[in-house]
1. Among the numbered criteria (1) buried (at least 16 other Cβ atoms within 10 Å of the Cβ); (2) aliphatic (A, V, I, L, M); (3) closer than 30 Å to residue A:45 by Cα, which single criterion is violated by residue A:275?
2. State all residues of segment B:291-306 that are out of contact with any Leu (no Cβ under 6 Å at 6 or more places or on another chain), in contact (Cβ under 8 Å) with a residue 40 or more places away in the chain and not in a helix (DSSP H, G or I); if no residue qualifies, say none.
3. What tally of residues in segment A:5-33 results from selecting those that are more than 14 Å from residue A:214 (Cβ to Cβ) and within 14 Å of chain B (Cβ to nearest Cβ)?
4. Could you check segment A:341-417 for helices (runs of 4 or more DSSP H) lying wholly inside it with 3 or more residues that are under 17 Å from residue B:1000 (Cα atoms), free of Cβ contacts under 8 Å to residues at least 60 places away in the same chain and not small (Gly, Ala, Ser)?
5. Restricting the search to segment A:81-106, which residues are modelled with pLDDT of 95 or more and surrounded by fewer than 16 Cβ atoms within 10 Å (Cβ to Cβ)?
6. Given the conditions (1) crowded, with 21+ Cβ neighbours inside 10 Å; (2) closer than 26 Å to residue A:30 by Cβ; (3) without any contact (Cβ under 8 Å) to a residue 60 or more places away in the chain; (4) within 14 Å of chain B (Cβ to nearest Cβ), which single one is not true for residue A:324?
7. Hey, could you check segment B:1085-1124 for residues that are of a type in the set (Gly, Ala, Ser) and buried (at least 21 other Cβ atoms within 10 Å of the Cβ) and say which is nearest to the chain's Cα centre (by Cα)?
8. Quick check on segment B:404-445: of everything there that is part of a helix (DSSP H, G or I) and touching a Lys or Arg at 6+ places or on another chain (Cβ under 9 Å), which residue is farthest from residue B:678 (Cα to Cα)?
Amino acid sequence: MRFIHAADIHLDSPLTGLAAYPDAPAELLRTATRDAFANLVTVAIEEKVDFLIIAGDLYDGSWKDFNTGIFFSSQMGRLKVAGIPVYLLYGNHDADSEMTRTLALPDNVHRFPSNKAGSFRLPELKVVLHGRSFKDAATTDNLAVNYPDPVEGWLNIGVLHTALEGNASHANYAPCSIAELEARGYQYWALGHVHEYKLWRGASVIAFPGNLQGRHIREAGPRGALLVSAQGVEIGAVERLHVDVLRWHALEVDVAPASNLAEAVRLAGRALEHLVEESGVLPLVVRVTLTGASPAHGELFGLETQVRAEVLAHAASIGSERLWIEKLRLDTSPHALAVDVTARLDAVADLQALLQKAELDPVFMKSLEEDLMQLIGKLPLEVIDALACVKSVRAGQTVDLVRSIGPALLDHVAKAG
Amino acid sequence: MRLDRLDLIRFGKFTSRALDFPVAERDFHVIVGPNEAGKSTVRAAILDLLYGIPKNTPHAFIHAMPELRLGGAISHDGAALEFGRTKGNKQTLRCAADKVLADNVLDAFLGATDRDFFAQMFGLNHDRLVRGGDSILSASDDLGQVLFQSAAGIGNLGAVRESLEAEADKLWSKRKSNERAYYVALDDLERAKTALKNATVRSKDWSEAQHGLAALDAELAQARQDHLAVKAHRNLLERVRRVKPQMDALAEIAAAMALHAKAPELPPSAAATLAEAQRDIAAAEAGIAHADPALRAATDAVAAIRVDERMRELGTEINELNDSRLALRAHPASIARLQAEVEAQWAVAADVAAQIEWDASSEEVLRARVPGQAVHAELERLIRSHAALQQQVTTAGRAEKAKLGELSRARALASALPATEVGAGLKVALGQVQKLGDFDAAQVLRQEQVEQKEVAASLAFDALGAWRRDEAALRAMSAPSVQAVAGFTNDELADETQARALAARGRSLDEQVAQLELDIAQFREMHQPVSADQVRRARGERDAKWASLKGDAANTDGPALLVHAAEYEKLVEGADALADTRHDKVQQGSELQSKQQQQQRLLLERATAAADVARLADAALMRDAKWAGFARECGLPELPYQLALGWLDARTRALDAAQALADARRAHASHAALCEAGRQALARELRDESGAEGGAESGKDTLALLVLRADAIVCAITEASGQRRTLARQIDDAESALQSLGETVASAQAEFDHWRQCWHATLAQADLWPHTEPAMVEAVLVSVKKIDDSLAAMRKLRSEQIDMMQSQLGAQAVQARALAERLAPDLVDAAADDIALELMVRLGAANGAHAELVRQREAIAALETRLEQATMRRDQAQASLAPLFERCGAADTAALADAIERSDQLRRLRLDAAGFERAIRDGGDGLSIGQLRVEADGIDMAALKSELDDLTGRDALLVDTLSALAVRRQGAALALGLIGGAADAARAEGQRQEALAKMAETVERYLKVYVGARLLKWSIDQYREIKQGPMLQLAGQIFSGLTLDSFERLTVDFDSVPLKLQGRRPNGSTVNIDGLSEGTRDQLYLSLRLAALDMHLGQAHVLPFIADDLFINFDDRRSVAGLRALGELSRKTQVVFLTHNDHILPMVAEVFGKQANIVRL
């Protein structure tokens, strides 16, 4: 007996942080979560699994377009034709979604109730699935404690959307502990909510499959679902099914050896080529971060736009259909000798001292803050949330920005001669 | 740190070259060398030695990269280090023992500097000077930028700030623009939001669409049902209205049929049958009446016609005869014309035959006389070859005769030549002498050279003056070295220069001291400042008075105390007044103190200068004494060292002249010996050549005469020998040619004899006289050709034309006679043409009779057929009526016609009834007539129309309703269908996120560049405020010097915003930077750089200053001023000055005296 355990599909959830550029394959990016889900359904049909479990967060809570539901329904229709039942549990995002209440689904889709834990029995497989959907998004009760007792002699699968012992990076919904789950006496816990893959093999096999498709740089690496095999009441292999259509990767390039922009770009290009060679055939969305104490620090600061253009050109030369640059970040620092510029006691050292004193000039800082707020006051909230520097200026902490720019500016000026 | 030595071990073009930079009071070193000498390499080597050899160094063109090696010695604060530098990434430092040194071993010497900083701060060349001048021009409206750029050696500060500002402006500004990235992204965001809004389908929308469709389906079903009911009732009324008239008509027909119940049943065609039979009978009878008489007339005419069948049978032959007649009718005339042409040809042939006296009595005789074609052709071939063969024989004979003559002449010349050869000894002797060239002139020249060298040597030895010695003594003595002498003279020169400078300095210091004393006196007089000593003294007096008062209080009475108290108060007031005055005039006091301290410094400097002058005088005396001893040791007592260099030079020249004289004398003697040996050898050889009689004479002759004689003999013998060889070769060639020419003559004669035999034989065949010449035969052949042509033409006219025509005419006469014998014996004797004409006439008559007979017979047959058909038609018409008569029993055609009329009436009624029944069935919607009658009975026909109109109106309304509902349903279904799971909204959201990301990216960069630009501007303003005073004061002094006091100092235009830098002239006028000449701007930049460096050196780690060809655009005076400025710098740090120009060296000597270390590359 084999089944697929998926969760956190977030259908039609957009990929964020990607500024399109001329060679970027924007069309592929925009339907990635759909394509990944269609891949999952195709795999389920090809593998002839016995059933599919979706452990919550099928939709994005704030997503309103009913077409998403229709698309999901059509994919369920494909599984119905293949004779594969689906056991669907709603999570915090689904509880917020109006589609959850409105959408009519094919009769091979079985939804777990939200008022109390319910069970579905599959007598021919001697499998019973227990689960309870979220009624409200903000479900912070421990739902697992009220799950039914296991059916003796059957394979008991618990389906639950939970933060599991307060996962720091996710909202603390339906918290519970591994010990509590194991105490239920089920053989397998199909969990959802945490977007990273995790597996515990103890008294029970407990698993988060992770989300189906990475949507931003914080969801880097391979994504997909789990293909679970069972023999009687014993859980066997748990394999990862990578159904994502493109993969995020955070690439750090140490440009410390680069003495100028061209060499830094060359190092970044080599790192990209190496990454593509290693990654296989799946397209990559890469955030390139240049790091290291580099003599090129100042030049990179002054010519950041050119650096980005040259790295993009390099990526295009590798293959625009395989490699897209999400962002180029400069996280370099001044070269070791340049750090000691103070000891030189020349005009540049004087400039360094002055730059450090700028934050102490209240008139200058106030004027600068007023100027910056002319732009920041008009920004959409999503842009403000995406930029820590903007948030700090809004919070009256312009000094952070000034401090972060000073050293790079100094290096830029010192190398400009 | 200073560089004590630079070792160019393997670097660039250098190998094992060391440059020393010894310590001096003014640490100034000049490296001079022409272009390509390696100055740039030296500059790079200093950088590479201190900071490492770069990865891609251009200095590996002789030595390979791994072999590059530098070394040197540096010192700093008493510490010194000797080290080497190899090429590599790390561990490139080596100690003297070539062991690896730690990479940080130089840190103590170099401080916190790197290569870029050193190059930027401590390096200046002409290009950077010019660029610096340009940079302060471009920043001339911003004093802060000018100062910073000059101090940091950075030319692009303005460009950096401007590029940051420009980039910020491209990203965002308050003013919206499609060129700014932020607004582009904002527009994308708005478009995406609109697209998202349009594409998003909410759950509520989907539910409403689904419910709306269901409601429309129900409404549509009800409307369709109502429409069906109205339509059914309307159909019933329409049916009744349709069939009711037909049913009424059917009833009326049924009544009429009853009246004709007894009418006979005749076929429907009976009336037509009767009419047709009656028409046929009438027509047949008329035809029979017309045909009978015509048949009879035709039969009579046939009997009267006679036809000549025999004539008609031979009609073809008659026509052929007539055709032949027409074709041959011109033949007789043609035959006569051709016969005349034959006669004319014969006349021509006979005439030509008579000219060559041939017999032309008949054509046959003449034709037999003409030779055959083969003979004719052979004669022509022989005539053509005759002249060539004859010419060939003649030419060969002439050539043979000429060659015989040539052979005789050559043999005669050869026998007349002498038969002698030149002796080998004479040749060798002559050759040896000729190698000496113009030996007499050379001898004279060498003698002159010896004399010249003697004079030169005498002069050179005279130049040694009082210290003259002979050559051997000169060579043997140990003269002082040039370096040693130069050391004395250089020291003296340097001391004199320094002494002059010290004297000038002393005068200047005296002036300054006097001026300062005057200033102090005037200052005291003007401000009367109170010194601290004065206050201290006053307070001491006050305190002493008080102590005195206190000590004597017990012993002092009241009045005395009052006096003392008054005195004490006076002292207190005096001390306080002095203190207040000092407080009020503290500034003046300070200034006075400053002037006094300055005065003391000047006095100290003057004393130091005086001590230096005395030290220099002592040094001169010591130097003179040292030299005197040294000169004595060299054997040159009393020779001043000032003259020593000249004497050493004269000694060298004298020794060179003596050597040259000896060389000249040796050359002269060697040449004379060679000439004499040659003369004797020639004389001996000429004696052998000419015999004993010329020997005595030859032994006395000069070398030149002997050479002439020998050369004449050798030339004569050599020439005769050549002529002999040439004649022998000519005789051989002539004999060989003569043999060949004889064979040619024989061959030509044989060919001509053969021709002659053929000629006689052919003449015989042509029946011509055997000795006729070819030219005559050629003329006869022309006439024979004419005769032959005429005879051929005659034969052709006869055979091809005349004979053929006569044959055709004969055949025609035979044919005509044969036809006449068969058809018209009366014409047998007539001419063929007449017979043909008559037979044609008779044939025409026979054919006409035959045609008439045929026509009449055809007319009879046609009349007989027509008569038979008319009879048959009449009988058939009568037979067709017989059945009708029999069925109705009529007696005649009239009764038959009546019966037919009644039968047709009954049949029409039946047809009408059937028609109405069919119409009722068609319009009755499938109901039977009975059912229709029942329906119709229930309907009020009078109200039928209005009821139908009403139903039609209701039907139309229902159709409109249905149509509208169908449209609405289609729209609702389409709307629902559009919600089909499309990804448009997802795509729009993707676009929205992309726009947000672009916006975030733009804002992030904007914040960086905007804040960067603002920070830079703020910092530069601050820099100006801090540095402006001291830097401008110092730079102004340097600038004044560099411009030779054309400018007094540098000032700031405080009225402009931002502040501007200006140069102030001695007359008080000011010049902005953009008003300065290019050269002056460069000097301003140099002033600012040197001032900044001076200030830097006052507080930071000292490194050598490398100046590379700085004064290319400076005139001499300004170059000297520039050197003075660098000289001041060299008091604080080492200065290495690279130049390609020797011209600068005297200036260096002027400024630095002997202190400057000059290194030549």
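The values are calculated or read from the model by the stated rules, or taken from the named source; none is laboratory data. Source: prediction; values computed, not measured. Cβ coordinates were reconstructed from backbone atoms using ideal geometry, including for glycine residues, and neighbour counts include every protein chain displayed.
1. Every condition holds for residue A:275 apart from (3).
2. Filtering segment B:291-306 down to residues out of contact with any Leu (no Cβ under 6 Å at 6 or more places or on another chain) leaves B:292-293, B:296-304, B:306.
Next, only the ones that are in contact (Cβ under 8 Å) with a residue 40 or more places away in the chain stay: B:292, B:298-299, B:301-302, B:306.
Correct list: B:306 only.
3. Within segment A:5-33, residues that are more than 14 Å from residue A:214 (Cβ to Cβ) and within 14 Å of chain B (Cβ to nearest Cβ) number 13.
4. Numbers: elements: A:347-357, A:362-376, A:381-386, A:388-394, A:398-414.
The helices (runs of 4 or more DSSP H) meeting that bar are A:362-376, A:381-386, A:388-394.
5. A:81, A:82, A:83
6. (3)
7. B:1107
8. By that ranking, first place goes to B:414.
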